[in-house]
Structures are given as structure tokens and as C-alpha cells.
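Quick notes on the structure that follows.
Bear in mind these aren't lab numbers, they're just calculated from the coordinates by the rules spelled out. None of the values given here were measured: they were computed from a predicted structure. Glycine also receives a Cβ, built like all others from the backbone with ideal geometry; neighbour counts cover every protein chain displayed.
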Amino acid sequence: MRNEITLDAVDREILFQLGRDGRLTNVELARRVGLTPPPCLRRVKRLEEAGVIAGYRAVVDPEAVGRGLEVLVAVEIYAQDRKSFEEFEATVASYEEVIEFRRMYGRPDYFLRVAVADHAAYEGFLTRKLSCLPAVLRLESHMTMKEISTDR
């Protein structure tokens, strides 16, 4: 559960710096934001405890792990009842190819980000997994021409 806190300019700078490099040492972070290490660490801990900093992660090169093709998929479903929604969501969320999954207001019902090795792998995912789900009404695939900006 998140605690609401007020962020000042130093908190925002801490978040900016950690967003750029989550592996910064506390000493280096403190230097960059103009604090000494002890109050900087207290601020980071407060931001973590309040849920403002939700975690840290490594940014992995998709090509290096055999997931060089990314496809955005718009999904519309037949289902209108809660059980069908929940079953559809649980199944799709379990697919390792799905790296982002959002339920939308309006149409489409869902957007997926799918990462696979190549076009053949995507075709296999689409035909053997996604399109076979009973709730699926319509799928529309969108392939990226050029990646301009990611993960702000």
C-alpha cells in the first residue's frame, strides 16, 4: 500500500538520477543531488517505503536474449463477464512472450507488447497461443518501424 508523500525538488532529482542509473552508489547519488550521504539515504528509504520507488531493474538488450522482434497487439474479446475476463487475463499474463499487458478503456479491450525472436516465432505465438483463446474476437498486430523513445 502506498503512502502519499510530498515530493520536493531534491526528491525529484533523486528520482531522476535513479531513473537514469539505478546502480548509483549512495555517495555518488548524494553528490549529484547536493546532499551528504546520510540524508540522501534517508530520502531514498522514505521514497522506497512510500512506494514511490517501486523497485530496481536491469535493462536487457532484447537482441542479446533472442527477442529482437517486438509487436504491439490490439485485442478485442467477446467476453463480458468477470470470470471470462479473469481467465483470459491469467492465461495471457502467463505467456513468456508477453512483456507488457494492459486492459484498456473502450476499444481495443487490451494492448499487449510481445517480444519474440523473429516473424516465424511471432506467427507461432499468434496461431498456437493467442488466437486459440475462446474469448478472442479480434487481433490486430502492429510492428515497429523505428523505436524513438522507451522507458522514461
Study note, to complete from the structure: Under the 7 Å Cα-to-Cβ spin-label approximation, R113 and E49 lie apart by a distance in nanometres of 3.2
Review point. For the chain, what is the calculated [θ] at 222 nm in deg cm²/dmol (nearest 500), taking -39500 (n - 2.57) for each run of four or more DSSP H residues and dividing by its residue count?
Key: -10500 deg cm²/dmol
Check your understanding: What per residue convex hull volume, in Å³, comes out for the chain when only alpha-carbon positions are used?
Key -> 156
**Study point:** Phi to ³J(HN,Hα) by Karplus 6.51 cos²θ - 1.76 cosθ + 1.60 over the stretch 31-38, Hz, x for Gly, Pro
**Key:** 4, 5, 9, x, 10, 8, x, x
Check your understanding: Can you give the FRET efficiency for E63 and I148, using 1/(1 + (r/R0)^6), R0 = 22 Å, r = Cβ-Cβ distance, to the nearest 0.05?
Key -> 0.80
Point to revise | Residues E28 and A74, FRET efficiency given R0 of 30 Å [Cβ-Cβ distance, rounded to 0.05] | key: 0.10
Practice item. Take the Cα of L137, step 7 Å along the line toward its Cβ, and report every residue of the stretch 107-126 whose backbone nitrogen sits under 12 Å from that point. Key: 107-110
